[in-house]
Amino acid sequence: MEPSSETLRTSWSLVVRLKNTGDQQSWAEFDELYRPLIFRVAVKAGLREDEAQDVVQETMAAMSRSIQDFVASSERGSFRAWLFQMARWRIKDQFQKRLPQAAAGSDAPAGGSARTATVERVPNALEPDLSALCDEAWTSRRRETALKELELEVKAEHYQIFHLAVLEERPIKEVGRIVGRSPAQIYLIKHRVGNVLKRIVKRLGKRLG
């Protein structure tokens with residue numbers, strides 16, 4: 001499926017800001033969001049923490065070198081897809097780096113069988129698996145970011161009610177007893193905070209691509 005025009009538009013908005021190397025706020029925001037995200041994907045793919053850190057550093061460096069050449073289009077896809085593709089290549093590179101070390105310690109006879117056995121011991125880094133990990137990590141990370149912004153935008157009591165009723169899925173009557181409000185008030189606050197969260201998620205899409 002090709003990315004929508006809205007996806008391309010919001011991705012381009014992010015790219016424009018990052019192409020400005022003097023925009024420290026956008027670069028700090030990018031780093032805060034994507035650095036832990038790439039690390040999480042690399043670890044879930046089966047890399048050690050030190051290998052995952054290498055993936056993060058190499059991906060960030062490649063991205064900063066290439067950002068001026070990136071153009072959002074239906075052929076290239078979104079900025080996020082482009083960045084994750086660079087991360088996937090570097091995850092695979094880390095698995096490839098393991099091969100000579102593992103082969104050197106193998107007692108298998110010469111003639112290629114040692115390498116075959118080594119490859120079989122390396123975790124599978126096929127594209128569909130890494131793509132799924134990237135999508136999962138992105139969804140989780142954006143949700144975390146949205147909830148942090150939500151907590152700052154609404155009253156503390158209202159966030160508590162939303163957290164209890166929606167995130168913890170507690171019964172409305174129980175939430176009412178905890179905070180000392182009627183079920184009708186709980187429903188109303190839950191609905192209002194939910195609408196604020198939807199606006200935040202939409203805003204994040206425009207800001208982060």
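The values are calculated or read from the model by the stated rules, or taken from the named source; none is laboratory data. Treat the numbers as computed from the prediction; the structure is a model and nothing was measured. Using ideal geometry, Cβ is built from the backbone for each residue, glycine included, and neighbour counts are taken over all protein chains shown. Heavy atoms of the whole protein, side chains included, go into the accessibility calculation; ligands, DNA and RNA do not. Shrake-Rupley method; radii C 1.70, N 1.55, O 1.52, S 1.80 Å.
Provide a single number: the residues in the range 166-195 that are closer than 18 Å to Glu149 by Cα and open to solvent by less than 20 Å² (accessible area, probe 1.4 Å).
3
Return the residues of the range 54-75 that are of a type in the set (Val, Ile, Thr) and either crowded, with 16+ Cβ neighbours inside 10 Å or closer than 20 Å to Asp93 by Cβ (or both); say none if nothing qualifies.
Matches in the range 54-75: Val55, Val56, Thr59, Ile67.
Please name all residue pairs, on different chains or six or more residues apart, with Cβ atoms under 9 Å, provided the first residue is in the range 174-186 and is farther than 8 Å from Ile161 by Cα and the second residue is of a type in the set (Ser, Thr, Tyr) and open to solvent by 30 Å² or more (accessible area, probe 1.4 Å).
Partner pairs satisfying both residue conditions: Gly176/Ser182.
The conditions are (1) surrounded by fewer than 16 Cβ atoms within 10 Å (Cβ to Cβ); (2) more than 17 Å from the chain's Cα centre (by Cα), and Glu51 fails exactly one of them. Which is it?
(1)
Evaluate the following for Ala87: is it at pLDDT 90 or above, touching an Asp or Glu at 6+ places or on another chain (Cβ under 8 Å) and in a helix (DSSP H, G or I)?
For Ala87, the condition - at pLDDT 90 or above, touching an Asp or Glu at 6+ places or on another chain (Cβ under 8 Å) and in a helix (DSSP H, G or I) - is not met.
Could you list, ordered by first residue, the pairs with Cβ atoms under 7 Å in which the first is in the range 49-75 and at pLDDT below 95 and the second is exposed (fewer than 13 other Cβ atoms within 10 Å of the Cβ), at least 6 apart or interchain?
Short answer, once both residue conditions are applied: Ser74/Glu2.
Hey, could you check the range 154-165 for residues that are part of a helix (DSSP H, G or I) and over 25 Å from the mean Cα position of the chain (by Cα) and say which is surrounded by the fewest Cβ atoms within 10 Å (Cβ to Cβ)?
Only one residue tops the list, namely Ala156.
Which residues, taken from the range 152-192, are basic (Lys, Arg) and either out of contact with any helix residue (DSSP H, G or I) (no Cβ under 6 Å at 6 or more places or on another chain) or over 24 Å from Ser140 (Cα atoms) (or both)?
Within the range 152-192, Lys155, Lys173, Arg177, Arg181, Arg192 qualify.
Out of (1) open to solvent by less than 10 Å² (accessible area, probe 1.4 Å); (2) under 16 Å from Gln85 (Cβ atoms), the odd one out for Leu18 is which?
So the condition that Leu18 fails would be (2).
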